[in-house]
Amino acid sequence: MSANRQFLHDSCESVQVLQEDFWDEALVGYVEKTNFGPVACYDWDKLVAAAMKVFDGDAQTAFDHLDFNVERSLGSKESPVILHRPPACQAEA
């Protein structure tokens, strides 16, 4: 279990995370959803970087995978959320 996943496990009773371990490098913590509770939070830019590694730098395949297998799977209230940073903040991440 990665340190990021362990943090969530220790901090929250039951938080849904993306299934594959390679996404853990994009896991930045958790956020509180109003009237629900904590959910995992992933950084979009880090998800892209992880996908690019998995798909050997093939940007189109990485984006297709993120669109079809990640973003479309996040429809329930228990689902993780994705943090999209403004361009000025991307260099700081």
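The values are calculated or read from the model by the stated rules, or taken from the named source; none is laboratory data. The structure displayed is predicted, hence computed values, not measured ones. Positions of Cβ are generated from backbone atoms using ideal geometry, with glycine treated the same way; all protein chains shown enter the neighbour counts. Heavy atoms of the whole protein, side chains included, go into the accessibility calculation; ligands, DNA and RNA do not. Shrake-Rupley method; radii C 1.70, N 1.55, O 1.52, S 1.80 Å.
Please report, as a whole percent, how much of the solvent-accessible surface of the chain comes from carbon and sulfur atoms (probe radius 1.4 Å).
That fraction is 50 percent.
Counting alpha carbon pairs within less than 8 Å and at least 6 residues apart, what relative contact order, in whole percent, applies to the chain?
In percent, rounded to a whole number, it is 27.
When the dipole is taken about the Cα centre of the chain, and only Lys, Arg (+1) and Asp, Glu (-1) are charged at their Cβ, what size is it in debye, to the nearest 20?
240
Taking H as built 1.01 Å from N, whose amide H comes closer than 5 Å to the amide H of K33, not counting residues under 5 places away?
V39
Per residue of region 4-17, what does 6.51 cos²θ - 1.76 cosθ + 1.60 with θ = phi - 60° give for ³J(HN,Hα)? Whole Hz please, x for Gly and Pro, Karplus curve as stated.
So the J values, rounded to whole Hz, are 5, 5, 4, 4, 4, 4, 6, 8, 10, 4, 8, 10, 6, 10.
With no solvent and one point per C-alpha, what does the Debye sum give as log10 I(q)/I(0) for the chain at q = 0.11, 0.19, 0.23 Å⁻¹?
At q = 0.11, 0.19, 0.23 Å⁻¹ the computed log10 ratios are -0.31, -0.92, -1.26.
Which whole-number percent gives the relative contact order of region 44-93, counting Cα pairs below 8 Å spaced six or more residues apart?
37
So how tilted is helix 44-54 from the main axis of the chain? Cα-based, degrees 0 to 90, rounded to 10.
Helix 44-54 and the main axis of the chain meet at about 60 degrees.
Send over a whole-number figure in Å² for the accessible area per residue of the chain, probe 1.4 Å.
63
Report the local net charge at E71: Lys and Arg +1, Asp and Glu -1, summed over other residues whose C-beta lies under 15 Å from its C-beta.
Taking every Cβ under 15 Å from that of E71, the sum is -3.
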